[in-house]
Amino acid sequence: MRATHIVLVVFWFFCIYTPALFCAIVQYDHRALVIDGKRRVLVSGSIHYPRSTPEMWPDLIQKSKDGGLDVIETYVFWNIHEPVRGQYDFDGRKDLVKFVKTVAAAGLYVHLRIGPYVCAEWNYGGFPLWLHFIPGIKFRTDNEPFKAEMKRFTAKIVDMMKQEKLYASQGGPIILSQIENEYGNIDSSYGASGKSYIKWAATMATSLDTGVPWVMCQQADAPDPIINTCNGFYCDQFTPNSNTKPKMWTENWSGWFLSFGGAVPSRPVEDLAFAVARFFQRGGTFQNYYMYHGGTNFDRTSGGPFIATSYDYDAPIDEYGIVRQPKWGHLKDVHKAIKLCEEALIATDPSIVSLGPNLEAAVYKTGSVCSAFLANVGTTSDVTVNFSGNSYHLPAWSVSILPDCKNVVLNTAKINSASSISSFTNEPSKEDIGSLETSSTGWSWISEPVGISKADSFSQTGLLEQINTTADKSDYLWYSLSIDYKDAAGSQAFLHIESLGHGLHAFINGKLAGSQAGNSGKAKFTVDIPVTLVAGKNTIDLLSLTVGLQNYGAFFDTTGAGITGPVILKGLANANTLDLSSQKWTYQVGLKGEDSGLSSGNSDQWNSQSTFPKNQPLTWYKTTFAAPSGTSPVAIDFTGMSKGEAWVNGQSIGRYWPTYVASGAGCTDSCNYRGPYTASKCRRNCGKPSQTLYHVPRSWLKPSGNTLVLFEEKGGDPTQISFVTKQIESLCAHVSDSHPPPVELWNSYTESGREVGPVLSLTCPQHNQVISSIKFASYGTPLGTCGNFYHGRCSSNKALPIVQKACIGSSSCSVGVSINTFGDPCRGVAKSLAVEATCA
């Protein structure tokens, strides 16, 4: 813990208990946030408390702090806190106060984004569904019923924070709050009512008297004193709407979200570091990563629709809480480099000059203090530039940071940090089979009835929209109808169904006839399902399902779902058709198993005596298991299953859908970081399932006697699923002889005047590990990437023994990258050192 953060912890302790003596004053001017009279350069990262567990929070926050963050940013999720109007829930993963206090205990600040609209790929954008049913309500506009509810919840959260003395003005960690969220992206759709709504929201927020500034992101007309901020992959060109407000970046998208049916997004760290450095180069002083840790969409919290259960986001800390290298480490170096410039950054505005086409220098100079940023925004060519009488090599799409306007401490395209390869290992988890309620497979089961099985079903003429019918109490809505068919048995026909989404399973006379789903780009679909009718009575049962409710866009709350028709039987005798849309349908909200509490595993209805049902639709499965040994993060591999939801010891780990395969197009074997990043660039896993592995938090597990319950919609074989643990398989680093020295050596070599060269460093991920082997080491012209290094045309035969001697048996090691260490295997050629190691 750095001394400054020890001071912060002590400061907050005294301020909470003696607020009259120790309270921070948070203000702002045109350059920065001003805390107790001092401008601050602040690096922030988003961690959403309900997307991890309270047991994970301290480690996630400490890793954020170790990565160079000053601030943790989180949304507040209205729908999990007030699932029923007036009934609040702040327990477990929803314990907002505990999360904020955990951040404070680590010595970090908090940016509390109350919203209460959050987007966030979260179900219904964070709004509770009961809001939709208030008479006369219209969301996010100048509408009295909506404004009353929004103010009531916002005031509730502010009051909670005040009661716990969590605002900086009371001695707490909260230095910023946000009202609304990205409204400027869609406010034109609301016309004059949208403009007046934003003015009202600003006035309402500031009237709550938090003692800290409020922000609105993506809101160019944010009224004073609200600070308007930027969201995006790049915000260096952003300008606040007043010269009295600082340049702030509330969402620097560290990657992108995963959708069911989509490839896995990734954003190269060289590009992310470039974006960060460009922002500070051009006058920014507050930057937040969205996300720094993405986490998991447990339960039915994912939005979209079709947002996957994993919310990993390619963030610096992965879904399981493991630092993602080299992203975490390289950004840590970037943060250190920027903080070396802080004195200059807060003292003055930058002087920006062109050094040539696509070349730019920004100089912060006041008195004897001087820092500079040199940028090559070209996407193809490396260049050498002259700046202040010296020459500097600038790779394409990179920024060099010069804390003293002379020496380069870091270039965003040159990574000193180690990289890592992670892997999942299958773990034994089955307990001894001896229970009367399990079969020889270790599983018991209950069949979910097809069609109507609950007493609260109802009938109505015509087809109903799903969300208005279910109020999102369940993903599922049954549409059931019986018809008399007078032609010969075995007649072939087609059932034509048009749905607003998101998916359906069609049953004819109790048998699954076909299924269909939309996708993240288009939830609506039309399908023609072949059906076989019998003479006489035929039952048509359509199970419509949602996969997270719409969370973004103008009027997103009015986006419907379900089978709104038409529904037509086609291909009947004599080419007749029968429109079923206007007939009297019977409806059932949810499943009988949901109402019976089968997800807890406690029912006495579980069957194990008859033939085990594999690949049968609408089946609940249960088994018991022992937790995998050790402390590595745990996941379930759902290969063998189709689609459904899973619960561990009664807690939902989310929807699973391992059969939804991404398109085979759009991925590349390698990713060129140069040039603007988009969400479709650098995707992986094309032609493969979007998600097969589903996180199970360790804190949800007991050593033994754990219960796993699945609800399978379409049919699968639960005996194929497996438990896996995640660990780091290899550590790698690749450092050239033109890399700057490590950032942490800056003060030592600039103050002493001695020359320090590049250094390759490796550190085992766990404190109790040591480097056990060197799998590869080459100094010269090595090629390839981590896990696939190979020798180039030039290689020193001294590299492997030198690295082995320096590293094996140590938890960390450093090796100078120069001919002084390894000799010169190829004179006149640029050289580098590549190493792959394992820890044990």
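Figures for the structure shown
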| quantity | calculated |
| --- | --- |
| Unsatisfied cross-links (Cα-Cα over 29 Å) in the set Lys156/Lys327; Lys473/Lys570; Lys622/Lys726; Lys147/Lys584; Lys38/Lys156 | Lys156/Lys327; Lys473/Lys570; Lys147/Lys584; Lys38/Lys156 |
| Inter-centroid distance (Cα atoms) of the range 66-85 relative to the range 310-382, Å | 27 Å |
| For the chain, calculated [θ]222 nm from helices alone, where every DSSP H run of n ≥ 4 adds -39500 (n - 2.57) | -5000 deg cm²/dmol |
| Whole-Å distance, taken between Cα centres, linking the range 461-510 and the range 113-175 | 37 Å |
| Length gained when the stretch Ser610-Asp737 is fully extended (0.36 nm per residue, less Cα-Cα span) | 38.8 nm |
| Sequence of Cys235, Cys786 when ordered by accessible area, the most exposed leading, probe 1.4 angstrom | Cys786, Cys235 |
| Under 5 Å, built H, 5+ apart or other chain: amide partners of Glu729 | Ile421, Ser422, Ser423 |
| Where the chain is the region considered: accessible area per residue in Å², 1.4 Å probe | 38 Å² |
| Apportionment of accessible area to carbon and sulfur, the range 278-355, percent (1.4 Å) | 45 percent |
| Karplus 3J(HN,Hα) series, Hz, for the range 601-610 with 6.51 cos²θ - 1.76 cosθ + 1.60 (x for Gly, Pro) | x, 8, 5, 8, 8, 5, 10, 9, 8, 8 |
| Accessible surface of the range 105-190 [probe 1.4 Å, protein heavy atoms]: carbon and sulfur percent | 49 percent |
| Rounded Å value of the spacing that divides the Cα centres of the range 392-417 and the range 653-711 | 34 Å |
| For the range 705-715, Karplus couplings with θ = phi - 60° (6.51, -1.76, 1.60), whole Hz, Gly/Pro x | x, 7, 10, 10, 10, 10, 10, 9, 7, 9, x |
| Option label - Cα extents along the principal axes in Å computed here, alternatives (1) 96, 65, 54; (2) 132, 65, 49; (3) 88, 85, 52 | (1) |
| Label point distance in nm, Gln583-Ala347, each placed 7 Å from Cα along Cα→Cβ | 8.2 nm |
| Phi to ³J(HN,Hα) by Karplus 6.51 cos²θ - 1.76 cosθ + 1.60 over the range 288-297, Hz, x for Gly, Pro | 10, 7, 10, 10, 8, 9, x, x, 9, 8 |
| Qualifying chymotrypsin sites (Phe, Trp or Tyr not before Pro) for the range 263-352 [loop in DSSP, other Cβ within 10 Å: at most 16] | none |
| Low-density loop positions, chymotrypsin sites (Phe, Trp or Tyr not before Pro), the range 20-125 - DSSP coil, at most 16 other Cβ in 10 Å | Phe22, Tyr88, Phe90 |
| Percent breakdown of C-alpha pair distances by 10 Å bin, ordered from the shortest bin, for the range 369-482 | 9, 19, 10, 10, 10, 14, 19, 9, 1 |
| Amide H within-cut-off set for Tyr28, under 5 Å, with H built and near neighbours excluded | Val34 |
| Leu355 accessible area, assembled protein chains, probe 1.4 Å, Å² | 50 Å² |
| Calculated FRET efficiency for the pair Trp130/Asn185, C-beta based, R₀ 30 Å, to 0.05 | 0.70 |
| Size of charge dipole - the range 163-219 - debye, nearest 20, with Cβ of Lys, Arg +1 and Asp, Glu -1, no other charges | 120 debye |
| Qualifying trypsin sites (Lys or Arg not before Pro) for the range 764-836 [loop in DSSP, other Cβ within 10 Å: at most 15] | Arg793, Lys798, Arg827 |
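The values are calculated or read from the model by the stated rules, or taken from the named source; none is laboratory data. Since we're looking at a predicted model, the values are computed, not measured. Methodologically, a virtual Cβ is constructed for each residue, glycine included, from the backbone with ideal geometry; neighbour enumeration extends over all protein chains shown. To get the accessible areas, we keep the full protein, side chains included, count just its heavy atoms, and leave off ligands, DNA and RNA. Shrake-Rupley method; radii C 1.70, N 1.55, O 1.52, S 1.80 Å.
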